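The values are calculated or read from the model by the stated rules, or taken from the named source; none is laboratory data. Because the structure is a prediction, the values reported are computed rather than measured. Glycine also receives a Cβ, built like all others from the backbone with ideal geometry; neighbour counts cover every protein chain displayed.
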Amino acid sequence: MLPFRFEQVTSKNPEDVALAIETMQIRGAPSIGAAAALGLALAWSVDRRRFSDFWLPRFRSTRPTAVNLFHACDEMEVCSKTEPDAATMIECAVNYADAEVDANRRMGGHMAELLAVGERRILTHCNAGWLAAVDWGTATSGIYQLAQAGESPFVWVDETRPRLQGSRLTAWELYQAGIDCRIQADSAAAWMMAKGEVDAIVVGADRIASNGDVANKVGTYALSLAAKEHGVPMYVVAPSSTFDIACDSGLDIPIETRCDEELLSMSGVGSDGQLCQLSIATSGVRCNNPAFDVTPYANLTAIVSEQGIWNRGEPEK
Ligand code: MRU
């Protein structure tokens, strides 16, 4: 419902949590992982008998691309093998979520160091903020930490078609935090780079293959091509839970395709303040709606995680 309404939802059974992930009530790679861990702890409490055969596969099938979901399920599966009591399973899930918060804070510190050397007009895509990552955010953590240190970062916010995670979520987060930002159409990004108005691109990730290729919200790959052309540094910021060492390259990352409806209609608030759905294209026309794309490692300046910074260097042309 953001940015029109902020509501907190309490899920009292595991199916509600699985549905919240599936319908993107909760989204963003680290948040999906944390929600799955908590949902599985709930499943252990209320339906332990079906934990392995039903609930683990149910959660693993909610979304395909963000590997954090699968790492969280694996961790809860390992914890379940010791036949713990309900409180121990909950503690395991809460520890998983807390570890993400700590990772976000630490990777933001590394990112803030990179940005502190003059790269202050930052372009970001999608929402890699605290809504997506339990707390702080991944891409936004460094921006928040710079602002807390008394600096004045400025953010170009790609609106991020079709679900508008940029204009609806990232711009809302930054505005609430008093950080100067401007929403722009995704198609404006390359032109702003050409005009020399972007000092750095900072995005999150949904899965990082062992060769460094990165899956993130669709549009990230195009940004990397424009960044390379215009010599703009591009950083990916993500916790260890986003790395998939079993995945050799970006070609092996499963890319989610979402429904046509996301391109045929849009939700918003009418003059009566009520949420409504608007048709914006010919109903019935078929659509192509990949939710993610893959950016080759070669197009990136650095990957930043809580453990440090990889491949710091000038963008290769
Ligand atoms: O489809 P979404 O909204 O779950 O996609 C989210 C993204 O692509 C984010 O950029 C990514 O998960 C990094 S979030 C810290």
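What to note about this one:
- Residues of segment 64-82 include at least one that is more than 16 Å from the ligand (Cβ to nearest atom), assigned to a loop (DSSP other than H, G, I, E, B) and out of contact with any strand residue (DSSP E or B) (no Cβ under 9 Å at 6 or more places or on another chain).
- Considering residues of segment 194-229 that are in contact with a helix residue (DSSP H, G or I) (Cβ under 7 Å, 6 or more places away or on another chain) and free of Cβ contacts under 8 Å to residues at least 40 places away in the same chain only, the residue farthest from the ligand (Cβ to nearest atom): A194
- Check on D85, among the acidic types (D, E), farther than 18 Å from R27 by Cα, without any contact (Cβ under 8 Å) to a residue 40 or more places away in the chain and not assigned by TED's automatic domain parsing to the domain that holds V198: yes
- Scanning segment 215-232 for residues that are crowded, with 18+ Cβ neighbours inside 10 Å, outside any helix (DSSP H, G or I) and of a type outside the set (V, I, T) gives A215, N216, K217, G219.
- Put simply, of G109, G118 the only residue that is in the same structural domain as K217 (by TED's automatic domain parsing), surrounded by fewer than 17 Cβ atoms within 10 Å (Cβ to Cβ), not charged (D, E, K, R) and not in a loop (DSSP other than H, G, I, E, B) is G109.
Results for (1) over 30 Å from N211 (Cα atoms); (2) without any contact (Cβ under 8 Å) to a residue 40 or more places away in the chain; (3) among the β-branched types (V, I, T), shown as yes or no for each residue.
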| site | (1), (2), (3) |
| --- | --- |
| S271 | yes, yes, no |
| Q274 | yes, yes, no |
| I280 | yes, yes, yes |
| S283 | yes, yes, no |
| R286 | yes, yes, no |
| V294 | no, no, yes |
| Y297 | no, no, no |
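- Odd one out for V157 among (1) at pLDDT 95 or above; (2) within 16 Å of the ligand (Cβ to nearest atom); (3) under 22 Å from V67 (Cβ atoms): (3)
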